[in-house]
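Student: The structure under discussion is supplied below as structure tokens; questions concerning it will follow.
The values are calculated or read from the model by the stated rules, or taken from the named source; none is laboratory data. This one's a predicted model, so the numbers in the text were calculated from it and none came from an experiment. Note: accessible area is taken over every heavy atom of the protein model, side chains too, but ligands, DNA and RNA are not part of it. Shrake-Rupley method; radii C 1.70, N 1.55, O 1.52, S 1.80 Å.
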Amino acid sequence: AVLAGLAFLKQSREVHAVEQQMKDGQELARQQAALLIVQSDQLEVQRRQFDEDQTARRRAQAAQVFILIDEARTLKAQTILKAAARNTSSQPVYDLWVQWRTDDGEFGDATSRPQLLPAAAERFEQSWTTAAGITGTDVSLDFRDAAGLRWRTTGRGILTELCADVSPQLAR
């Protein structure tokens, strides 16, 4: 009876130890699950930051190309607008395509140039009669950056990436 009692106590302690190990394992699993949730959140933040950095790198050169209307003169019944395109990046841009616009749409003939070198400027001019309406006058510059991506920047400072497979003529 004494041996049976000792065996029972030993088994009871072993069962208690196994139960404690199970509880510890469950607690460890809960902690690991919480850690995985935190790591998942951190990975999502890092992914978003990577995407933003990649977008910034993609736009870096294009964001340094500008076009601005810098002169407007009215002579008799004709208005002459002049704009300057500037490339402040360290690489050339290619296939320039300048289009004048009003609130009513495109106006005048588009003008093209093969390239705009770093730190260079190109001048563009458009004239029309004031009877044609010039409300909301703006100018846009389509170009291809050194990486081959197509962009459009406007005199209002809006930069948009264009479809890479479409030529300026087809885009219109």
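Student: On the protein heavy atoms, probe 1.4 angstrom, tell me the percent of accessible surface of region 38-111 carried by carbon and sulfur.
Tutor: C and S atoms contribute 48 percent here.
Student: Amide H neighbours of A120 under 5 Å, counting only residues 5+ apart in sequence or on other chains, H built in-plane at 1.01 Å?
Tutor: Under 5 Å from the amide H of A120 lie the amide H atoms of N87, each far enough along the sequence or on another chain.
Student: State the Cα centre-to-centre distance between region 1-35 and region 68-144 in whole Å.
Tutor: 81 Å
Student: For the chain, find the longest principal axis of its Cα atoms and tell me its angle to the long axis of helix 2-59, 0 to 90°, nearest 10.
Tutor: Helix 2-59 and the main axis of the chain meet at about 10 degrees.
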